[in-house]
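Heads up, the thing below is written out as structure tokens.
The values are calculated or read from the model by the stated rules, or taken from the named source; none is laboratory data. Bear in mind that the values here come from a model prediction, so they are computed numbers and not experimental data. Here Cβ is always computed from backbone atoms with ideal geometry, including for glycine, and neighbour counts include all displayed protein chains. These area figures cover heavy atoms from the full protein model, side chains too; ligands, DNA and RNA do not enter into them. Shrake-Rupley method; radii C 1.70, N 1.55, O 1.52, S 1.80 Å.
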Amino acid sequence: MTESYGELLPQLVEVVREVGVLAASAHRTQPSGSTNTGEMMTAFAAVDGPTSRLLRERTYELRPGARWSRDEVGTGVGDTGEWWVCDAVDGAVHFLQGLPYWGVTSTLVSDGKPVVAVVWAPQLDLLYTAVRGGGAHLNGMPIAPSRKDLASALATTSQPPWNIEPERAGRSLTAMLRRTLAVRNLGPTSLQVAQVGSGHVDVFWEFGQDASNLLPGALVAAEAGALVTDAAGGDWTPAATSFVAAAPSLHGQVLDVLGRSAVVAR
């Protein structure tokens, strides 16, 4: 099965690039000028509509038997059969603000597990790819996570669009700020998680359910050699309410920090 998924990868890269070029043609370096959320949604729909249709059409051609997950910002991923989990413009807010921190993601999920993933940030020249059991690459080169200690680590985090757990997120942020070199939010969740795999980021963590945004980067990070779990150290699944991706040298320390922050709050 790994071999067939490996054969699918270059075709999926072509699809993602085609969609990314279309999205990039609509991107502007100045903010959209929207003054409220309604105007922002209208402006985004003008880009997301055609790019999402193209992505859906192309992935269907690649895998006609795979179903399409409609839930781009939630947890609706089937646990049986094959599903496409895709986002034609991942990082909508950044895109509308005229920032380059956005991308295109496409992940094939089989029986609840990601098996092929592509994460492309066109304006950052970052193309992450991974196949389950076949490793992970950035711009065609094999990648591996960092070997830092926690005190020198760059940690990143984000908040799920509709499943925010602000209390847990806030406590964990305070704890991680005290133990790491820096904490940042560098754009789309999928890209930040993938960057753990290449060592550009040392740790990513998040509380809340966010499967569709986490799946692509989770496969990239895991195939690169990072440890991907929930905040308790258990296997991460699309239904999990927490997520940690970290270099092996840091993972245990990160779980300890997050665990202590939860205990302090009780």
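Quick notes on this one:
- Carbon/sulfur fraction of accessible area - the chain, other protein chains in place, 1.4 Å, %: 54
- FRET efficiency for residue 178 and residue 141, using Cβ-Cβ distance with R0 set to 22 Å, rounded to 0.05: 0.05
- Surface analysis of segment 29-134 yields an accessible area of 46 Å² per residue, using protein heavy atoms and a 1.4 Å probe.
- At the residue level, residue 156 shows approximately 0 square angstrom of accessible surface with a 1.4 angstrom probe and all protein chains present.
- Normalised per residue, the accessible area of segment 138-266 is 42 Å², obtained with a 1.4 Å probe and no contribution from ligands, DNA or RNA.
- Between segment 1-61 and segment 89-115, the alpha-carbon centres lie 8 Å apart.
- Cα gyration tensor category, rounded, prolate or oblate, for segment 146-266 with a/c compared to 1.5: rounded
- Note on segment 73-195: Cα Rg divided by 2.2 N^0.38 Å, N the number of residues, gives 1.15.
- Residues with amide H under 5 Å from that of residue 27, placed H, sequence gap 5 or more: none
- Amide N proximity, segment 79-107 versus residue 125 label position 7 Å along Cα-to-Cβ, cut-off under 16 Å: 100-101
- Full extension of the chain between residue 53 and residue 185 gives 44.6 nm of extra length, using 0.36 nm per residue less the Cα-Cα distance.
- Along the axis of the charge dipole computed for segment 184-266 (Cβ charges of +1 for Lys and Arg, -1 for Asp and Glu, origin at the Cα centre), the listed residues 262, 199, 234 are led at the positive end by 262.
- Plainly put, segment 41-127 has a radius of gyration that is 0.98 times its Kirkwood radius, both from alpha-carbon atoms, as the Rg/Rh ratio.
- Residue 101 exposes around 90 Å² of accessible area when a 1.4 Å probe is run over every protein chain in place.
- For the chain, the spread of Cα positions along each principal axis, largest first, Å: 49, 49, 32
- For segment 192-208, Karplus couplings with θ = phi - 60° (6.51, -1.76, 1.60), whole Hz, Gly/Pro x: 5, 5, 4, 5, 5, x, 9, x, 5, 10, 9, 9, 10, 9, 7, 10, x
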